[in-house]
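> Pasting a structure here, questions to come.
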Amino acid sequence: MRAPRSFATIMNAVLEYLARQEQSFVDRLCEYVRFPSVSAQPQHKADLEACAHWLVNHCQSIGLEARLCPTAGHPVVLARTPRTADRRKPHFMVYGHYDVQPPEPFELWKTPPFEPRVEGRSLFARGASDNKGQHLAHLNAVEAYLKTGTELPVDLTFVIEGEEEVGSGHLGPFLREHRRELDIDAVVISDTGMPAKSMPALTYGLRGIAALEVKLIGPSRDLHSGIFGGSLDNPAMALCQMLAKLRDKNGRVAVPGFYDDVVPLTRYERQQLARLPYNERAYRRFLGVPQLFGEKRFTAWEQRSARPTLEINGLTSGYQGEGSKTIVPSWASAKLTLRLVPDQRPQRVLNAVKRHLKALCPPTVRLEITTGHGAEPYGFSPTHPLAQAALGALREAFDAEPVLLREGGSIPIVTEFKKVLGADTLLLGLALPDDNAHSPNEKFDLDNYAAGMRMGALLWPRLAAVR
Ligand code: BES
Ligand code: ZN
């Protein structure tokens, strides 16, 4: 009889496979990011579908049972490790998204967004970091188990969706429909960040979000501003005046009731956030702004991860081509999002903002408000045994002490995982602050890609041991 292989020997086979295949994993990510899977833009619908098909094929080629699940929006890719009937193992979900943010403005990209370029230890392409590279690291880790004949101590289901960047509107219903098959113990997501390369992180809080579009409608057509200007309101001007009243000079949101449900930061949390690296000058330069801005009495880390905000994401009106055109525009519109913290709720906050906008709107224009996606803020205790086990995997994979983070971004579906599946989420992100997520020249760090795969491999025995 063969002696049972020790844990270290088993992991060595998996880790060696990951090291040996590193170049082919980079090639695979290059292939993946070539799909312009921009979920916000209807002209890319077929590209999303092609991308999802590619992913299904890839999952099958590494030994997973995979299928494409159509939804009312973009398809979901569902892939599972082959099940052994004899005993029930702990079951985890790995979530990711194959959709990406719009790449515009194109002219600011050094090379085209969907033509991957490797420079040093960076792979440049839209979606490389957010989120294709990050969940591909997990797929590669599982491939290493399957291809080396190493038994996984857990059952895994990958859920990779195509609508995260537009609010995950169809994934909630999908979860409800597939609830029986998704009888999971917890979810693992790598779609967040780490403060620096040598600083792996477990994110235990995310902000929620609420989106709306505000349109002011004035004259029935654009009018000659010399002939008519002065006798009627200008919707662009009226909109700017309204928007300007939504925050005070330090960035505090000036909507009545907006802060009603905000749970203040605890002393412990402020202490944790204060331990994160921060250099005001370097941060200002990194952002490219002449001076920082934000609520008084809160640090930059607090402002960007643990305080609620209101931002204008887009502002449109009138003539925007070359040269000038003297008109009073017929309409003006703004896309807004609010970031929310515990215990704010998207619907309540949106109602407060709508009420306030109606009160601010002058009678000289008509107001139209369209509400968009919404997601609740998320929190998970870092002292939970699963979190502690995950910290161990991060520590070993990165050979560095992990930090605990609350982050400002949102992953809309995580609160639904809890509500629909009863599952907590471990956020183990691999993105760096200079990865340019949502910006031109997005890149993914190839050392983080490799460390992410190791983390993905080391995670499962550790999580399986938590009972
Ligand atoms: N990967 C991000 C979320 C993220 C980034 C969380 C960094 C924490 C740190 C995700 O792809 C994202 O961008 N989500 C959107 C969701 C929105 C469109 C509903 C966001 O936060 O803007
Ligand atoms: Zn994103």
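The values are calculated or read from the model by the stated rules, or taken from the named source; none is laboratory data. Note that the coordinates shown come from a computational prediction; the quantities given were computed from them, not determined experimentally. Cβ placement follows ideal geometry from the backbone for every residue including glycine, while neighbour counts extend to all protein chains displayed.
> Filter the range 372-394 down to residues that are away from ligand 1 (no atom under 13 Å from the Cβ) and either among the polar types (S, T, N, Q) or touching a Ser or Thr at 6+ places or on another chain (Cβ under 6 Å) (or both), then give me how many there are.
Final tally of qualifying residues: 3.
> Now for a separate question. Pairs please, first residue from the range 241-266 and over 12 Å from Val353 (Cα atoms) and modelled with pLDDT of 95 or more, second anywhere and among the polar types (S, T, N, Q) and assigned to a loop (DSSP other than H, G, I, E, B), Cβ atoms under 7 Å, 6+ apart in sequence or on different chains.
Partner pairs satisfying both residue conditions: Asp261/Gln344; Val262/Gln344.
> Sticking with this structure for a sec: Would you confirm whether or not the range 328-339 contains a residue that is touching a helix residue (DSSP H, G or I) at 6+ places or on another chain (Cβ under 8 Å), in a loop (DSSP other than H, G, I, E, B), small (Gly, Ala, Ser) and within 30 Å of Pro382 (Cα to Cα)?
no
> Contact list please: Cβ distance under 8 Å, first residue in the range 381-400 and basic (Lys, Arg), second residue surrounded by fewer than 19 Cβ atoms within 10 Å (Cβ to Cβ), pairs at least six apart or on different chains.
Arg395/Glu401
> Separate question: Being farther than 30 Å from Thr371 by Cα, in contact with an Asp or Glu (Cβ under 9 Å, 6 or more places away or on another chain) and not in a helix (DSSP H, G or I): is that true of Arg83 here?
yes
> I've got another one for you. So in the range 150-192, with the set limited to residues that are among the polar types (S, T, N, Q) and away from ligand 1 (no atom under 16 Å from the Cβ), which one is surrounded by the fewest Cβ atoms within 10 Å (Cβ to Cβ)?
Ranking the candidates gives Thr150 first.
> From the list Arg275, Arg297, Arg252, pick out the single residue that is within 23 Å of Glu407 (Cα to Cα) and surrounded by 15 or more Cβ atoms within 10 Å (Cβ to Cβ).
After ruling out the rest, the residue left standing is Arg252.
> Mind checking which pairs have a first residue in the range 91-116 that is more than 16 Å from ligand 2 (Cβ to nearest atom) and a second that is assigned to a strand (DSSP E or B) and among the small types (Gly, Ala, Ser), Cβ under 8 Å, 6 or more apart or different chains?
From the range 91-116, the pairs are Phe92/Ala186; Met93/Ala186.
> Consider only pairs whose beta carbons are under 9 Å apart and that are at least six residues apart or on different chains; among these, list those whose first residue lies in the range 155-174 and is of a type in the set (Gly, Ala, Ser) and modelled with pLDDT of 95 or more and whose second residue is part of a strand (DSSP E or B) and away from ligand 1 (no atom under 12 Å from the Cβ).
The qualifying pairs are Gly162/Val76; Gly162/Val77.
> Next up: Among the residues that make up the range 105-116, is at least one of them touching a Leu at 6+ places or on another chain (Cβ under 9 Å), assigned to a loop (DSSP other than H, G, I, E, B) and of a type in the set (Asp, Glu)?
no
> Same structure again: Given the conditions (1) within 25 Å of the chain's Cα centre (by Cα); (2) surrounded by fewer than 18 Cβ atoms within 10 Å (Cβ to Cβ); (3) not β-branched (Val, Ile, Thr), which single one is not true for Leu310?
Exception for Leu310: condition (2).
> Pick out the one residue from Leu405, Leu428, Leu432 that is modelled with pLDDT under 95 and within 12 Å of ligand 1 (Cβ to nearest atom).
Unique residue meeting the criteria: Leu405.
> So, one more: Residue by residue through the range 93-116, note down the ones that are surrounded by 19 or more Cβ atoms within 10 Å (Cβ to Cβ), closer than 21 Å to Gln134 by Cα and of a type in the set (Phe, Trp, Tyr).
Answer for the range 93-116, where residues must be surrounded by 19 or more Cβ atoms within 10 Å (Cβ to Cβ), closer than 21 Å to Gln134 by Cα and of a type in the set (Phe, Trp, Tyr): Tyr95, Tyr98.
> Something else: Quick one: is Ala52 touching a Pro at 6+ places or on another chain (Cβ under 9 Å), among the aliphatic types (A, V, I, L, M) and buried (at least 17 other Cβ atoms within 10 Å of the Cβ)?
Against the criterion (touching a Pro at 6+ places or on another chain (Cβ under 9 Å), among the aliphatic types (A, V, I, L, M) and buried (at least 17 other Cβ atoms within 10 Å of the Cβ)), Ala52 qualifies.
> Now for a separate question. Which residues, taken from the range 409-425, are within 28 Å of Thr299 (Cα to Cα) and either surrounded by fewer than 22 Cβ atoms within 10 Å (Cβ to Cβ) or away from ligand 1 (no atom under 16 Å from the Cβ) (or both)?
If the condition is that a residue be within 28 Å of Thr299 (Cα to Cα) and either surrounded by fewer than 22 Cβ atoms within 10 Å (Cβ to Cβ) or away from ligand 1 (no atom under 16 Å from the Cβ) (or both), then Gly409, Thr415 are the ones that fit.
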